[in-house]
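Reading through the C-alpha cells given below for one structure.
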Amino acid sequence: EPGTTGSRASALAFGAPQTSEPTADTNFYLFIGTTGGRLLVTYNGGGTWLDRTNGLDGTQIQRIIPNPERGSREAYVITQRGIFWKADMADGATAFSNITGNLYALTSNAYGDASMSFNLMQSAQNPLTSLVVDWRYLIPDNLAAPNGPSHPILYVAGKAGVTYCIEPLAPPDNTYIH
C-alpha cells in the first residue's frame, strides 16, 4: 500500500486503458513512484497496489512514462541514477531492464579545449532529473522489417543538460548522445 512505503510519492502516472475498456473513463491503471525508490501499480483504482520495484536501482523515482497506446502495459522509469524499461507491468516476475547505457561515460570539453575534458553525468554529483519518451517517432527495431516491432526516442536530462537515445532497447547499442 502506498501509505506504508515509508517514503513520499515522487512520481505519478496513468497507464493506457485496455482494449476491453470502451472509454478511458473506466481506466483505473495507475502508478506511484516513491522517494525511497519503490514503484507501485494498481489496476483497480487503488484497491490493491502491487510492488513492481524489481530491477530498479533503489534511488528516488523521478518520472514514470507508460506507453499511451490502448492495451499496452509497457513503461519507462527514470530514477536519480538510471533509466529503466519494462515491456509488461502486469508481469510481476520479470525485472525492469536497465537501459542507462553509456550515459555516465559521456564527456565534454570545457571551452572546446580537448585537454579540459570532463565527465558530464557523474552519478553522485549530477542526478538525473527528467525523461521524455517521444512516441511520435516509432523507429523499427529491425530496419529490414519496417512494419514490425518499434521503439520511441528517449530524451534524458540532468544538471549537465539533455541527451537522447535512438536505440534505447538494443544493449549494448543503447548509446546516448549529448
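If each Cα of the chain is one equal point scatterer, what is log10 of I(q)/I(0) from the Debye formula at q = 0.10 Å⁻¹?
-0.42
Extending each Cα 7 Å along its Cβ direction at L138 and T19, get the distance between those two points in nm, one decimal.
1.3 nm
With charges only on Cβ, +1 for K and R and -1 for D and E, what is the dipole size of the chain about its Cα centre, in debye, rounded to 20? Intermediate results must be reported in sequence, preceding the final value.
Values: 10 positive and 14 negative charges, 85 e Å.
The dipole magnitude comes to about 400 debye.
Taking Cα centroids, how far is the stretch 29-63 from the stretch 73-95 in Å?
About 10 Å separates the Cα centre of the stretch 29-63 from the one of the stretch 73-95.
For the stretch 15-76, state the semi-axes of the equivalent ellipsoid (square roots of 5 times the eigenvalues of the alpha-carbon gyration tensor), sorted largest first and rounded to whole angstrom. Write down the numbers at each step before the final one.
On the way: eigenvalues 103, 31, 14 Å².
So the equivalent ellipsoid measures 23, 12, 8 Å along its semi-axes.
I want the local charge near G58. Using Cβ-Cβ distances under 10 Å, sum +1 for each Lys or Arg and -1 for each Asp or Glu among the other residues. Could you put the intermediate results ahead of the total?
On the way: positive: R38, R81; negative: D57.
Summing Lys/Arg as +1 and Asp/Glu as -1 gives +1.
Hey, got the Cα dimensions of the stretch 50-94 along the principal axes, in Å, largest first?
Over the stretch 50-94, Cα extents along the principal axes are 29, 21, 14 Å.
Of I166, T129, N102, which is farthest on the positive side of the dipole of the chain, counting Cα position, with +1 on Lys and Arg Cβ, -1 on Asp and Glu Cβ, and the Cα centre as origin?
T129
Every read-out reported here was derived from the displayed coordinates using simple, explicitly stated rules and does not represent laboratory data. If you're wondering where the values come from, they're calculated on a predicted model, not measured in any experiment. Backbone-built Cβ (ideal geometry, glycine too); neighbour counts: all protein chains shown.
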